[in-house]
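Below: one structure, written as structure tokens.
No value in this document is a laboratory result; all are computed from the given coordinates. What you see is a predicted model; the values in this text were computed from it and never measured. Counting neighbours? That spans all protein chains shown, and the Cβs are built from the backbone with ideal geometry, glycine included.
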Ligand SMILES: Nc1ncnc2c1ncn2[C@@H]1O[C@H](COP(=O)(O)OP(=O)(O)OP(=O)(O)O)[C@@H](O)[C@H]1O
Ligand SMILES: [Mg+2]
């Protein structure tokens, strides 16, 4: 089964899109390097802001016919085909594909609210095309909206990016509770929280070190720590140029930290038989 990693946190600006896009590219490169039979990775951008789409494709003009919106609004029988039709290759790597967002996704939430089976529309369509990919990475908007629920229902693994200043376990526990609600309440037993990703870590700030130490010592959350990404200005420069962090500066501290996260996720994929 193709693993689908959803990057989620209802807090804004914590590094969901940065992590989703760079980790997806890192997976393509590492899988290719390790001669995996399939090294294509698909980014699904469920955020109407379309940041992941913009940085990876250089475009923000996807609309009613050629964005994820089309797939979500399509009749059930045509949904997978419509999804395939809207997928484009990214500018970062020909094997990194993108199901692009559109501002229309905001309206899709209202249009689909109350429609029977609506929360499963993404999961249904994705499940029929997933075997074309070694992994799927889903970016979400900063809220617990219908689209985020759809993304969680389409995922196998949730990764929660979190800034050190939001590391108080209360905030984190509410994200994890939401993921568990989807798993148990919505009968999606294969969804698991597979990692916490601490982002924008500044080792010179005492509070950051203190909170990270607390997280590591936490009996439930500590074992979930997937990686620590330093605050690094290379991230914003890469972002502004619509470049990946790895191509902007592979030696930047954040690139090295993301490379480690990619390596552990690819090991995880190998264990799952990709
Ligand atoms: N490690 C980092 N170091 C420095 N800046 C970073 C880092 N990670 C992300 N940023 C910056 O923080 C901002 C928010 O990042 P990003 O867009 O990835 O967050 P997000 O969680 O997807 O936001 P939203 O909730 O709006 O979708 C961006 O300007 C990005 O360049
Ligand atoms: Mg984002």
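Can I get the semi-axes of segment 65-189's equivalent ellipsoid? Compute them from the C-alpha gyration tensor as square roots of 5 times the eigenvalues, in angstrom, largest first.
Over the Cα atoms of segment 65-189, the semi-axes work out to 25, 18, 14 Å.
Which value, to two decimals, describes the C-alpha radius of gyration of segment 148-259 once divided by 2.2 N^0.38 Å?
1.18
Please list 94-105, 38-49, 186-197 highest first by mean number of surrounding beta-carbon atoms within 10 Å per residue.
38-49, 94-105, 186-197
Report relative contact order for segment 3-271 in percent, whole number only (criteria: Cα-Cα under 8 Å, sequence separation at least 6).
So the answer I get is 25 percent.
Only helical DSSP H runs with n ≥ 4 go in: add -39500 (n - 2.57) per run for the chain, normalise by residue count and round the 222 nm mean residue ellipticity to 500 deg cm²/dmol.
-13500 deg cm²/dmol
How many angstrom lie between the C-alpha centres of segment 244-274 and segment 151-212?
Each part's Cα centre sits 19 Å from the other's.
Once the Cβ-Cβ distance between residue 78 and residue 233 is put in as r, and R0 is 41 Å, what FRET efficiency do you end up with, to the nearest 0.05?
Calculated transfer efficiency: 0.35.
Have a look at segment 217-274 and give its Rg and Dmax from the Cα atoms, expressed in angstrom.
Cα-based Rg and Dmax for segment 217-274 come out at 14.0, 41 Å.
If all Cα-Cα distances of the chain are sorted into 10 Å bins from 0 onward, what percent lands in each bin, rounded to whole numbers?
Result returned by the calculation: 7, 32, 38, 20, 3, 0.
As I understand it, the value is the acute angle between the Cα axis of helix 16-33 and the longest principal axis of the Cα atoms of the chain; what does it come to in degrees, rounded to 10?
90
Pairing the Cα long axis of helix 253-271 with the longest principal axis of the chain, what angle in degrees results, from 0 to 90 and rounded to the nearest 10?
Its long axis makes an angle of about 60 degrees.
So what's the angle, to the nearest 10 degrees on a 0 to 90 scale, between helix 169-185 and the longest Cα principal axis of the chain?
30
What ranking, highest mean first, results for peptides 239-247, 6-14 when packing means the other Cβ atoms within 10 Å averaged over each residue?
The peptides rank, most packed first, as 6-14, 239-247.
With each label point set 7 Å from Cα along the Cα-Cβ vector, what nm distance links residue 210 and residue 113?
4.1
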